[in-house]
Every structure is written in structure tokens, then in C-alpha cells.
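Report on the structure given below.
Read-outs: derived from the displayed coordinates by stated rules, not from any lab. What you see is a predicted model, and the numbers here were worked out from it, not measured in a lab. In this analysis, Cβ positions are derived from the backbone assuming ideal geometry, glycine residues included, and neighbour counts consider all displayed protein chains.
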Amino acid sequence: MKLPEQIEAKRIILTGLNNPSFEIAKQIYAVVDKSRNRLREWLPWVDRTNSAEDEYTNFLVEWCKAHWEAEEGFAYLIISKETKQILGCVDIFNISQKNISGEIGYWLSDDAEGNGYMKEAVCALENESFNAGINRIVIKNDTKNLRSVHVTEQCGYVLEGVMRQDVWDEYHQRLRDTNIWAKLKSDKEKE
Ligand SMILES: CC(C)(COP(=O)(O)OP(=O)(O)OC[C@H]1O[C@@H](n2cnc3c(N)ncnc32)[C@H](O)[C@@H]1OP(=O)(O)O)[C@@H](O)C(=O)NCCC(=O)NCCS
């Protein structure tokens, strides 16, 4: 399964991180670093990302490029059409060719939050994923991550259940409860 290198939506362009440069790593790191205090509450990788080199090696090369080549995950920068600034990231990962399923993850910078960009990004990425042959898309979030829960609700995902106390949450020092949301291709066709 392949996804396009660019996906266009109304106010944003999703730019594939299939072959990212160190220059891009520096730009992403600057955005992550500026939004670190907010992002680290929900994304454990933020505390492990402390330089542009970490961003480049751990995220862009070992994750984005490798998964794109293996067709196991497709990560995109969310770029504003108007300002050309990086607003955040959205990706589809854990792709199973056998089960024709995948999982979407996302984050936005401090400046980009509260403008509906993530709803637009998720909608654009799921469209392309269903077109490429995916049948089921999952989104998982902490039951207490209300902004993320709001995105999944707004995007029309169905809450299939809660995995209770399934992951140790280092930031909050507790076992977290995880929502499992999903959308099927047939759900999308009914929208
Ligand atoms: C989760 C996260 C991406 C949600 O971001 P967000 O800005 O709340 O989500 P959206 O971009 O869809 O924006 C939705 C808000 O924009 C508002 N909005 C403003 N202009 C809008 C427009 N033109 N269209 C749609 N919504 C608009 C909506 O009203 C909505 O806010 P409200 O309904 O709460 O009033 C963000 O909070 C984040 O990065 N969190 C940290 C990382 C994280 O938790 N990732 C997920 C891990 S599971």
C-alpha cells in the first residue's frame, strides 16, 4: 500500500516525511521544543527528543523513512498554506496489509491549537488511506486527554472500548486508561 507524498486540504498541506533532510529536522525540532511543556504531558517521545540530531535520527530516519519504505507507516508534516509554517504532524502507523488496518496519531504546535487544523488533517489523511485500500482506522487516546478525545468525536470515530490501566504514564505517574476509537471505510461512505 502506498500513500501520496503530498495531500492537500482546504487550509493545509500534508507533506510526506518519506525522505527528510537534516534541515527539516532542525525546523521540526524548533517547533517541538517551543511546544514542549504542553506536548510532553501526552507524548512520551518529547522528553527523549532533546536536539535536532535526536529528531533526525530517532524520528525522521529510524521511524518516518524506514516505515515509509516498508509501507508500514506514513508520517506527514502539517503545513499552513497561508504562512508555510509547520503546524504539527499527523501519521498513520501500525499498518497491517493483512488486516487492511492502521492507526492515526497527531500533535499540533502551541500556536496552531484551537483552529480546527487537526480535524482537517485527520479527515484528509483518512480519505487517502481508505482510497489506498485501508478498511479500518484506529485512534487511541488517554481518557483524560480531552482535546484529543474531542478531535476523535468531531471526526466521527466510534468509541469501541476502554483499555483500563494499560500503559504506565510517566508524566502523570499513574497507569492510564486508553480509549480505542475506530472508523471503517463503510462508516466513511455513510458520512
Ligand atoms: C490533540 C490536539 C491535536 C487537538 O488540537 P485542537 O486544536 O484542539 O484540534 P483541532 O485542530 O481539530 O481544533 C479544534 C478546535 O478548533 C476550533 N476551531 C476554530 N476554527 C475552526 C475551524 N475553522 N474549523 C474547525 N474548528 C475550528 C474548534 O471550535 C475546536 O475547538 P472547540 O470545539 O474545543 O471549541 C492538540 O491538543 C495537541 O497537539 N495535543 C497535544 C498532543 C496530543 O495530545 N496528541 C494526541 C495524542 S493521542
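Considering only residues of segment 94-123 that are more than 12 Å from the ligand (Cβ to nearest atom) and either touching a strand residue (DSSP E or B) at 6+ places or on another chain (Cβ under 8 Å) or of a type in the set (S, T, N, Q) (or both), which is farthest from Y76 (Cα to Cα)? Let's see the steps before the verdict.
To start, the set of residues in segment 94-123 that are more than 12 Å from the ligand (Cβ to nearest atom) comprises 94-102.
With either touching a strand residue (DSSP E or B) at 6+ places or on another chain (Cβ under 8 Å) or of a type in the set (S, T, N, Q) (or both) added as a condition, the list becomes 94-97, 99-102.
Details: N94: 15, I95: 15, S96: 19, Q97: 20, N99: 23, I100: 20, S101: 18, G102: 15 Å.
Per the criteria, the residue is N99.
Name the pairs whose Cβ atoms lie under 7 Å apart, with the first residue in segment 95-117 and part of a strand (DSSP E or B), the second among the β-branched types (V, I, T) and more than 16 Å from the ligand (Cβ to nearest atom), and 6 or more positions between them or separate chains?
S101/I134; G102/I95; G102/I134
Considering only residues that are within 16 Å of the chain's Cα centre (by Cα) and either loosely packed, with under 15 Cβ neighbours inside 10 Å or closer than 12 Å to G88 by Cα (or both), which ones fall in segment 9-18?
I12, I13, L14, T15
Would you mind telling me which numbered condition in (1) more than 8 Å from the ligand (Cβ to nearest atom); (2) surrounded by fewer than 18 Cβ atoms within 10 Å (Cβ to Cβ); (3) touching a residue at least 12 places away in the same chain (Cβ under 8 Å) L146 fails?
So the condition that L146 fails would be (3).
Based on this model, can you work out whether S129 counts as more than 14 Å from the ligand (Cβ to nearest atom), surrounded by fewer than 21 Cβ atoms within 10 Å (Cβ to Cβ) and not acidic (D, E)? Let's see the steps before the verdict.
Values: more than 14 Å from the ligand (Cβ to nearest atom): yes; surrounded by fewer than 21 Cβ atoms within 10 Å (Cβ to Cβ): no; not acidic (D, E): yes.
Spelling it out, it is not the case that S129 is more than 14 Å from the ligand (Cβ to nearest atom), surrounded by fewer than 21 Cβ atoms within 10 Å (Cβ to Cβ) and not acidic (D, E).
With surrounded by fewer than 20 Cβ atoms within 10 Å (Cβ to Cβ), of a type in the set (G, A, S) and within 16 Å of the ligand (Cβ to nearest atom) as the only criterion, which of S21, S80 stands out? Before you say what the answer is, go through the steps one by one.
Details: S21 fails: within 16 Å of the ligand (Cβ to nearest atom).
Answer to the selection: S80.
Does segment 27-50 include one or more residues that are closer than 21 Å to T152 by Cβ and over 17 Å from the mean Cα position of the chain (by Cα)?
There is no residue in segment 27-50 that is closer than 21 Å to T152 by Cβ and over 17 Å from the mean Cα position of the chain (by Cα).
Look through segment 132-143, keep the residues that are within 16 Å of G73 (Cβ to Cβ) and out of contact with any helix residue (DSSP H, G or I) (no Cβ under 6 Å at 6 or more places or on another chain), and return whichever of them is surrounded by the most Cβ atoms within 10 Å (Cβ to Cβ).
Per the criteria, the residue is I134.
Which one is surrounded by the fewest Cβ atoms within 10 Å (Cβ to Cβ) among residues in segment 24-51 that are among the acidic types (D, E) and touching a residue at least 24 places away in the same chain (Cβ under 8 Å)? Full working, then the answer.
Of the residues in segment 24-51, the ones among the acidic types (D, E) are 33, 41, 47.
Still in the running and touching a residue at least 24 places away in the same chain (Cβ under 8 Å): 41, 47.
Numbers: E41: 14, D47: 12.
This residue is D47.
Tally time: how many residues in segment 118-155 are under 25 Å from S96 (Cα atoms), part of a helix (DSSP H, G or I) and not polar (S, T, N, Q)?
Result for segment 118-155: 14.
Can you tell me which residue is farthest from the ligand (Cβ to nearest atom) among those in segment 24-51 that are of a type in the set (D, E) and closer than 17 Å to D142 by Cβ? Please lay out each step first, then the result.
Start the filter on segment 24-51 by keeping residues that are of a type in the set (D, E), which leaves 33, 41, 47.
Okay, now just the ones that are also closer than 17 Å to D142 by Cβ, so 41, 47.
Numbers: E41: 7, D47: 13 Å.
Looking at residues that are of a type in the set (D, E) and closer than 17 Å to D142 by Cβ, I get D47.
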